[in-house]
Amino acid sequence: MEEDYPKSLLELEERFNTEVICLEYLRQLRWPQGFICPRCEASGAWYTQRGLYHCQRCKLETSVTAGTILHQTRKPLTLWFRAMWQITSQKYGANALGMQRVLSLGSYHTAWEWLHKLRRAMVRPHRDRLSGVIEVDETYVGGKKHGKRGRGASGKALVGIAVEDKGVEGLGRIRLQHLQDASGANLEQFIQAIAEPASVIRTDEWTGYKGLTDKNFQHIVASSNDLKIVHLVAALLKRWLLSTYQGAVRPSHLAYYLDEYTFRFNRRSCTFRGKLFFRLVQQAMMVDPAPIATLKGPALPFLIGTNNLNLDPMDSDLDHNM
Ligand SMILES: [Zn+2]
């Protein structure tokens, strides 16, 4: 499908104003070559009066949104489209309170749930690996005390960061991952997951990176001061977590915030916000449903930065109630 997306909020609202139009747009993204049965992969289907696809081979009745992030939603798709526009059109991201206001959602909880579902759609399944020269480091987010490397520190979360070094062109794509600790096993697993084999991996002299050569990478050891691009990304990430989420991020949710940041960072030069919207809708059709039970984390607030932050009271309430 050609990349067809609205260029402005006005265009979005004028164009996607009925359920039928939204469904048709989703159908083209989910099945660009025509219907494929999610159970038996046959291509023939009858379109029923209730708007369902009835597989001619296995008789499964399914819908465009079944088995996707919009699985069994009771809210209008027109509203979901606005939510997706809202989350992609803002430079720094959307928080639940803002989402609730803009969409006039009755409950803060719904806004929060939608944001978390949409964050899951921000990572494309089976996405490409980074390649070329990649700078890798880890950084702690959260907590007040300095953590000891390799062991993990209480109240802090360790994030693995990988950035493509494009030389004169500057920074390429990034990948981020919440790591349990900076052991060799964890770091190697992270790098193997995000980098093409035989890539050049530049790190500092930490022992956790010593085994990379054995894993079929070219390993360049630099002094920590020379890892400029990965340190830049670490600083930008921390600033973003502070400004967008007022520091209120729970460890169980950190992976989704990292995915959101990666989505935004890797599309930072994108001129049209509508293109981000297009990607998000497209990926929403590719990822599995996220039932509400899987969105809940432990009831411990996790603060990034210091205690002097103005925490959104709604966020604090939510942390204690769930
Ligand atoms: Zn079938």
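Work out the length of the dipole vector of the chain about its Cα centre, built from +1 on the beta-carbon of each Lys and Arg and -1 on the beta-carbon of each Asp and Glu, and round it to the nearest 20 debye.
360 debye
Can you tell me the FRET efficiency between MET286 and ALA193 if r is taken as the Cβ-Cβ distance and R0 is 25 Å, rounded to the nearest 0.05?
0.85
Test of understanding: extend the Cα→C-beta vector of ALA42 to 7 Å, then name every residue of segment 56-79 with backbone N under 14 Å from that spot.
56-62
On the accessible surface of the chain, probed at 1.4 Å, how many percent belong to carbon and sulfur atoms?
Ligands and nucleic acids excluded, carbon and sulfur reach 50 percent.
Which residue, THR213, HIS231, LEU258, has the largest displacement toward the positive end of the dipole of segment 201-280 when charges sit on each Cβ (Lys, Arg +1; Asp, Glu -1)?
Ranked along the dipole, the leading option is LEU258.
Taking the Cα atoms only, what angle lies between the long axis of helix 77-89 and the longest principal axis of the chain, rounded to 10 degrees?
The angle comes out at about 30 degrees.
Which one of TYR53, ALA42, SER104 has its Cα pushed farthest toward the positive end of the charge dipole of segment 1-153, where Lys and Arg give +1 and Asp and Glu give -1 at the Cβ?
SER104
Enumerate cysteines in the chain without a disulfide-compatible partner, where compatibility requires another Cys Cβ under 4.7 angstrom.
Among the cysteines of the chain, those whose Cβ sits 4.7 Å or more from every other are CYS22, CYS270.
Might you report the magnitude of the Cβ-based charge dipole of segment 18-61 about its Cα centre, with Lys and Arg at +1 and Asp and Glu at -1, to the nearest 20 debye?
160 debye
In a Debye calculation with equal point scatterers on the alpha-carbon sites of the chain and no solvent, what is log10 I(q)/I(0) at q = 0.11, 0.15 Å⁻¹?
-0.79, -1.26
Can you tell me how segment 175-232 classifies by the Cα gyration tensor, rounded, prolate or oblate, using a/c under 1.5 as the rounded cut?
rounded
I'd like to check one number: the per residue accessible area of the chain, probe 1.4 Å, reported in Å² as a whole number.
Value returned for the chain: 50 Å² of accessible area per residue.
Tell me, what ³J(HN,Hα) does each residue in segment 212-220 have, in order and in whole Hz, if you take phi through Karplus 6.51 cos²θ - 1.76 cosθ + 1.60 with θ = phi - 60° and put x for Gly and Pro?
5, 4, 5, 9, 6, 10, 8, 10, 10
Taking H as built 1.01 Å from N, whose amide H comes closer than 5 Å to the amide H of LEU60, not counting residues under 5 places away?
Hits under the 5 Å cutoff: CYS55.
Among SER183, LEU9, VAL168, whose Cα projects farthest towards the positive end of the dipole of the chain, with charges put on the beta-carbon of Lys, Arg (+1) and Asp, Glu (-1)?
LEU9
State to the nearest 20 debye the size of the charge dipole of segment 182-270 about its Cα centre, where the only charges are +1 on K and R beta carbons and -1 on D and E beta carbons.
With only Lys, Arg, Asp and Glu charged at Cβ, the dipole is about 400 debye.
The values are calculated or read from the model by the stated rules, or taken from the named source; none is laboratory data. The structure presented is a predicted model; accordingly, all values stated were derived computationally and were not measured. Cβ atoms come from the backbone with ideal geometry, glycine included; neighbour counts cover every protein chain shown. Ligands, DNA and RNA are stripped out before the accessible areas are found, and what is left, the full protein with its side chains, is counted by its heavy atoms. Shrake-Rupley method; radii C 1.70, N 1.55, O 1.52, S 1.80 Å.
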